[in-house]
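Some notes on the structure that comes next.
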Amino acid sequence: MTKLVGIVNVTPDSFSDGGAYKANEKISELIKDGADIIDIGAESTRPNAVLLSPDEEWQRLEPVIKNIDFAQDVGWSFDTRHLETVKKIIAYSNAKIFINDISCNEKMSELARANSCTIILTHTMSIPADPKITMPENTDAVKEVYNWAAILLEKYPNAIIDVGIGFGKTAQQSLAIIKNISRIKSLGADVMVGHSRKSFLSLFCDKPAKERDPETLIISSYLIDQKVDYLRVHDVKSHSSLLKIRKCLII
């Protein structure tokens with residue numbers, strides 16, 4: 001069954017909702033709304049974002065992490081590319097965690113394996129995302145992501161593959177990957193899609209990011225049909241309702 005990954009951006013420059021709430025209150029809200037996993041990040045990867053040093057990242061994360069009740073019945077994911085940050089997080093709790101590493105750093109994957117953490121690997125062309133750095137328009141984006149994932153899964157067969165919607169891809173390429181997500185699923189690994197409020201949705205609407213939840217939900221319904229394992233979304237409450245209704249309707 002598809003699981004919901006709720007987004008907590010501890011970032012003042014997030015494209016969507018960073019800095020607009022107290023993170024721990026947001027965590028409680030997402031759990032109440034039905035999130036299976038809470039994904040916490042302190043470094044924005046949106047276009048033109050300022051990258052953080054490990055110390056700067058930890059200054060944002062530590063006040064949040066030290067107030068987390070890791071015994072709650074929910075998974076904990078941390079969106080970071082810094083080994084130092086992950087080591088500090090692991091020291092806080094014995095809970096099994098997910099490491100959401102957009103850099104696909106080999107040392108990070110080894111650290112995850114050594115500490116029985118689940119690694120999430122994301123396809124991207126640049127960090128942070130740069131609208132000027134994308135696959136050429138004539139690139140078969142589905143094939144590109146498939147080949148990338150196949151190579152990584154040979155080394156890390158238990159990794160979760162995030163297809164990187166919007167990261168180094170045109171809107172049409174992102175849509176093509178979503179339409180053909182079964183191709184990525186055929187590799188046998190768990191697949192995550194983070195399409196929530198992304199700019200590719202401008203193909204269907206002319207709205208600012210925070211108002212794209214209805215379009216996000218429609219895409220999510222399709223991805224659930226395709227048996228995508230994880231949906232990384234902002235509006236967990238509506239997605240939880242979607243899953244409950246679908247379960248009642250499907251015999």
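Values in this text are rule-based calculations from the coordinates and carry no lab data. As the structure is a computational prediction, the values presented were derived from the model and not from experiment. For neighbour counting, all protein chains shown are included, and Cβ atoms are generated from backbone atoms with ideal geometry for every residue, glycine included.
Cross-link partners for K198 among the lysines, with Cα-Cα distance under 21 Å and sequence neighbours closer than 8 places in the same chain left out: K3, K26, K132, K169, K179, K207, K210, K227, K237.
Between M1 and S116, the FRET efficiency estimated from the beta carbon spacing at R0 = 22 angstrom works out to 0.40. Give, as ranges by residue number, the residues of the range 98-115 whose backbone N falls under 16 Å from the point 7 Å along Cα→Cβ of I151. From the range 98-115, the list is 103-107. One chain, two ends: M135 and D206. Fully extended at 0.36 nm per residue, the span grows by 23.2 nm beyond their Cα-Cα distance. The modelled label-to-label distance between K227 and K185, using points 7 Å beyond Cα along the C-beta direction, is 0.6 nm.
Using +1 at the Cβ of each Lys and Arg and -1 at the Cβ of each Asp and Glu in the chain, identify which of W148, S220, N67 lies farthest towards the dipole's positive end. Farthest towards the positive end: S220. Residue ranges 2-9, 139-146, 152-159 sort as 2-9, 139-146, 152-159 when ordered by packing (mean number of other C-beta atoms within 10 Å per residue, highest first).
In the frame of its principal axes, the chain has Cα extents of 43, 39, 34 Å, reported largest first. By the rule of a C-alpha distance below 24 Å, with chain neighbours fewer than 8 residues away ignored, the lysines paired with K107 are K87, K88, K96, K155.
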